[in-house]
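The values are calculated or read from the model by the stated rules, or taken from the named source; none is laboratory data. Only a predicted model underlies this, so the values are computations on that prediction, with no experimental measurement involved. So basically every Cβ, Gly included, is an ideal-geometry build from the backbone, and we count neighbours across all protein chains shown. In case anyone asks, the SASA skips ligands and DNA or RNA and just uses the protein heavy atoms, side chains included. Shrake-Rupley method; radii C 1.70, N 1.55, O 1.52, S 1.80 Å.
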Amino acid sequence: MVHNISRSTTDLVVYYLLGRWDLLLSGCTDSAVCDQQQLLFYLLLRDLTPMMALHEEIDPRLVAFLSTGQSSKMIICRRRLLRALKSISDEDEAVCIERFVASFFAQVIDLFAECVPKCVSWICHLIAGYECDFVCALRSFQGVYRCSLAGRLPQRLTIVLGMHRSGTSALSGMLGAAGLNAPSDSLGATVSNPYGYWESDYLVELSNKLFVDLGVNWSTAYDLSLGWHRQAVASEWVMNYIIGMMHFYDVKQHILLKDPRLCFLLRPLIPCFHSGLVSATYVLILRSPVEVVFSLRKSEGIDFGQSLCLWIASVLMSERLTRQCDRLIVTYPQLLERPSDILESLKMIWGDDAFAPGAKMAPEFIDSSLYRQRSLNLRADLWGSNPKLHSLLTIAEKLYDLMSKPFDAQQESHLDQLNLEWLRERASWR
């Protein structure tokens, strides 16, 4: 039964199946292990990540736990995982790839039945629920591994996430001025964004095409189907996206990847960025939902209800996908009022050598005079003239308040509850 095992252990299996292999490879999970049985469980999972399977030797710490027969079974598990990866590399038929993955999991279950027998029943349950996600994760890994072998994969990557009109461009401009590498085909300035977008034209168009293939527009991205990331067009998009990064960034530098669309499209990229081949950091920026919806109506002509749905979905999705990652959450007012503090916080994550020599001047990129839409002057109008939006606006403002506070386990629980409220409310906005 799941409740007989610590939640951290079950979470590790889910993260493993979703391709968050960095949590196992980093070693930071060791400190959370309470006893020898849990340590064995962790080491087994760690040695079955694609990166570890590519090494010939089993982790010496794991060898100390295993009998000769169990070590042989571990070797078979790793070989079957590599066979599944080869099948993906050879572009075999989907049914063939799924057969190799099923063979791998059958061997994994046999191994765990000997090593940690009490866990087998719920491991089988989780595998059944996430097997398709694991196949997608392996596809993503295989693509990014090829880029790594070619020496065309960035070692350091920072992804800026945030809803349109939330200050993502201003934040990215400051990070670019501090020394992070922007794309060579960066979108230029417009009337609504006079300092440029700091987004790759190629990658933006690639993502827009994916939205079309999935039957939505970026302005209705909150309506993506739950299993969209498992579709063949999503796997193709991942491969093209990684190749595009190779072409339009200097991968020898710490690169800056910014596109509000990634709030919705990040999921199939997670195994690429957290494979153990790249060091990825996220910066999430939030702006008052009231300010965003008015700004979107002015710049894009999008109605308030649709904008609120976009805001809520983008924040909830980007938060959930970046949990347990190196990340910093900031607000638009913080960016305008204390940009230097943001750089100092990032320095604590990246290290003292993260920025260019002239990075102290980077905060001067921020122009507070561009802060035109202010919630204090707008909320009363929105609330008074749009009674049908009250429930959406209430969810959005609760979410903004929660995300603006320091994080703890209780706060994550509140966010999960708010996500359920949003899912119920969203049904009426389809």
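Structure summary
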item	result
Calculated diffusion of region 277-430, Stokes-Einstein form, Kirkwood radius summed over Cα pairs, 10 °C and 1.306 mPa s, µm²/s	92 µm²/s
Compactness of region 57-145 - radius of gyration and Dmax, Cα, Å	13.8, 39
Cα centroid separation - region 47-113 against region 216-231, whole Å	33 Å
Nearest 10 degrees, 0 to 90: helix 409-426 Cα axis against the chain principal axis	70 degrees
Proximal lysine pairs, the chain, alpha carbons under 27 Å, eight or more residues apart or interchain	17
Sorted peptide list for 42-52, 398-408, 200-210, criterion being average Cβ within 10 angstrom, highest first	42-52, 200-210, 398-408
With all protein chains modelled, accessible area of Phe248 [1.4 Å, Å²]	60 Å²
Semi-axis lengths, Å, region 35-84, gyration tensor of Cα atoms, sqrt of 5 times eigenvalues	18, 12, 9
Share of carbon and sulfur in the accessible heavy-atom surface of the chain [1.4 Å probe, %]	53 percent
Signed unit charges on C-beta, dipole axis of the chain, positive-most listed residue Leu45, Ile109, Val292	Val292
Solvent-accessible ranking of His55, His254, largest area first, probe 1.4 Å	His55, His254
Simple Cβ-charge dipole of the chain, Lys/Arg +1 and Asp/Glu -1, about Cα centre, in debye nearest 20	320 debye
Fluctuation leader among Glu199, Glu56, Glu397 - the chain, Gaussian network, Cα springs under 10 angstrom	Glu56
On Cα atoms only, tilt of 339-350 relative to the major axis of the chain in degrees	10 degrees
Nonlocal amide H pairs with Leu286, under 5 Å, H built at 1.01 Å	Val330, Thr331, Tyr332
Bins of 20 Å, starting at 0 and running to the largest distance - Cα pair percent for the chain	24, 55, 20, 1
Cα centroid separation - region 134-162 against region 264-309, whole Å	20 Å
With Cα atoms, 0 to 90° folded angle of helix 390-403 axis to the chain main axis	70 degrees
Test item: Cα-centred dipole of region 222-370, Lys/Arg +1 and Asp/Glu -1 on Cβ, debye	340 debye
DSSP beta bridge pairing in the chain, given as percent antiparallel to the nearest 5	5 percent
For region 281-371: rounded, prolate or oblate by the Cα gyration tensor [a/c cutoff 1.5]	oblate
Most to least packed among 301-313, 227-239, 90-102 [average Cβ atoms within 10 Å]	301-313, 227-239, 90-102
